[in-house]
1. Which of TYR20, ALA61, ALA170 sits farthest toward the positive end of the charge dipole of segment 3-181, with +1 on the Cβ of Lys and Arg and -1 on the Cβ of Asp and Glu?
2. For the chain, taking Cα atoms only, what is the radius of gyration to one decimal and the Dmax to the nearest whole Å?
3. What does the charge dipole of the chain about its Cα centre add up to, to the nearest 20 debye, if the Cβ of each Lys and Arg holds +1 and the Cβ of each Asp and Glu holds -1?
4. Tell me, in nm to one decimal, what length is gained between LEU178 and TRP122 on full extension, where the rule is 0.36 nm per residue of separation less the Cα-Cα distance?
5. For VAL47, what charge total do you get from the other residues with a beta carbon under 15 Å from its beta carbon, if Lys and Arg give +1 and Asp and Glu give -1?
6. Order by neighbour count: LEU103, LEU173, LEU26, LEU13, fewest other Cβ atoms within 10 Å first, most last.
7. How high is the relative contact order of segment 3-181, in percent, with contacts defined as C-alpha pairs under 8 Å that are six or more residues apart?
8. What helices in the chain pass both tests, a Cα length along the helix axis of 15 Å or more and a mean Kyte hydropathy of 1.0 or higher, using whole DSSP H runs?
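Just so it is clear, none of the values below were taken in a lab; they were calculated from the coordinates. What you see is a predicted model, and the numbers here were worked out from it, not measured in a lab. Backbone-built Cβ (ideal geometry, glycine too); neighbour counts: all protein chains shown.
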Amino acid sequence: MSISKFFSAIISLLFRPRRYWQSVSLTAESEQSDVLKDYAVPVIALVQLLKFPLIGVPRMAMFFSIAVFLVDCAAMYLLLGGVSSFSELSDKKESTGAVMRVLCHAMTPVWLVELLYFIHGWNLLFAFVAVAYALMLVRIGFSVMLKDDPERSSGLFRSTALLFTGVNMASFLVVMALVRLFNF
């Protein structure tokens, strides 16, 4: 994925989600790509690099960014594993790919809001708003990507919402513990 396409995907996802999911569902049928390698990991890495100027101390910023990168990747894999284990989609490979694509893209607001975690007193509010917006993206994404079965889409969203919120809040608490550990 080129850089301009990457940034336009982020902007489109955040500001025009329904249109974005419709374009993703059309391209998903024609081309298969590894969404973790092409989208999720670059967004996580970009956010970690953007933290360097906010922290100010290069060595501390590097260690903190590496630790948070690992936490974000672990949260993503935990979320994908949890959803795939109870989604009842293991027999349909295209549906599993659509669910994975939706979850990877919907985590974007959560990752971008990590830049605001350094504003003490407001960081929990930012985390809740990001998770709520990400859940809205998941809802829209499931309804568009799994358009063949709207009942399965709504059922999958209901079962995913609690796991999604729990994993992201646990990730937030671990990141806040790292902030305290590194004395930011």
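1. Sorting the options by dipole projection puts first ALA61.
2. 16.5, 51
3. 460 debye
4. 18.5 nm
5. -1
6. Starting with the residue having the fewest Cβ neighbours, the order is LEU26, LEU173, LEU13, LEU103.
7. The normalised contact order for segment 3-181 reaches 28 percent.
8. 3-15, 41-55, 58-86, 123-145
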